Amino acid sequence: MKVPAAPSRHRVAVWRALRRIGAVPVGQGVWTVPNVPAFVDGVSRVMDLVAQGEGEIIVLDTRGQSDADAEKMLALFTTAREEEWSEFLADCKKFETEISKEINQDKLTMAELEEEEQSLERLRRWHHDLKKRDVFVVPAGVDALARLRECSARLEEYADLVYARVQQI
């Protein structure tokens, strides 16, 4: 794939789209995704973005020549998904830390609750996106679902405290 350097917005848009769909870079301008339905729409979107940027793209359906090739590709995708899930889990921890901070500071307001609800909704959308491209189901993805449920439960606890406070007023 080639996209002209200027204007850079086209290259950046393509790069972001590739990352968003879960593509893994394997060389200069070469990205790969498994040939499964979950990636079809994303690849089409990348192709459109490359065309808009007056670039060139070649989409190939390939297979490795050996089991070792398949194992290398699996390792690339597994590593990429593990890194994404790791970042997601770190954000879950930040979310729970933020809820604890608000409780400890007695910041039990509807405005703060709404902000935390938006943060949880962002985590839910992110989880959905990651799960969609985790076609090999790495272990951290299973942990992530449990952590998301814990975040939801923690927000419910916080909401109960906020509602109790509001009823006192």
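Here are a few things to note about the model shown:
- Region 1-53: number of residues that are open to solvent by 50 Å² or more (accessible area, probe 1.4 Å), of a type in the set (Gly, Ala, Ser) and under 19 Å from ASP129 (Cβ atoms): 2
- Any pair with Cβ under 6 angstrom, 6 or more apart, that starts in region 67-90 at a residue that is closer than 11 Å to ALA144 by Cβ and ends at one that is surrounded by 12 or more Cβ atoms within 10 Å (Cβ to Cβ) and of a type in the set (Asp, Glu): ARG81/ASP134
- ALA144, sole failed condition from (1) in contact with a Cys (Cβ under 8 Å, 6 or more places away or on another chain); (2) farther than 19 Å from ALA38 by Cβ: (2)
- Condition check for ARG154 on (1) open to solvent by 50 Å² or more (accessible area, probe 1.4 Å); (2) in contact (Cβ under 8 Å) with a residue 24 or more places away in the chain; (3) within 25 Å of ALA38 (Cα to Cα): one failure, at (3).
- Residue satisfying all of: in region 88-109; hydrophobic (A, V, I, L, M, F, W, C) and part of a helix (DSSP H, G or I); farthest from LEU76 (Cα to Cα) among these: ILE103
A quick yes/no check of all residues on (1) at pLDDT 95 or above; (2) closer than 18 Å to THR97 by Cα:
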site: TRP126; (1), (2): yes, no
site: ASP129; (1), (2): no, no
site: ALA140; (1), (2): no, no
site: CYS151; (1), (2): yes, yes
site: GLU156; (1), (2): yes, yes
site: ASP160; (1), (2): yes, yes
site: ARG165; (1), (2): no, no
site: GLN168; (1), (2): no, no
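- Restricting attention to region 128-138 and to residues that are in a helix (DSSP H, G or I) and open to solvent by 90 Å² or more (accessible area, probe 1.4 Å), the residue that is farthest from ASP91 (Cα to Cα) turns out to be LYS132.
- Among the conditions (1) touching a strand residue (DSSP E or B) at 6+ places or on another chain (Cβ under 9 Å); (2) assigned to a loop (DSSP other than H, G, I, E, B); (3) surrounded by 13 or more Cβ atoms within 10 Å (Cβ to Cβ), THR62 misses just one, which is (3).
- Which listed residue is part of a helix (DSSP H, G or I) and either open to solvent by 40 Å² or more (accessible area, probe 1.4 Å) or on the phi > 0 side of the Ramachandran plot (or both), from GLU116, GLU84, GLU112, GLU121: GLU121
The values are calculated or read from the model by the stated rules, or taken from the named source; none is laboratory data. None of these values were measured; they are calculated from a predicted model. FYI the Cβ positions are ideal-geometry reconstructions off the backbone, even for glycines, and counts take in every protein chain you see. What goes into the accessible areas is simple: the full protein's heavy atoms, side chains included, and nothing from ligands, DNA or RNA. Shrake-Rupley method; radii C 1.70, N 1.55, O 1.52, S 1.80 Å.
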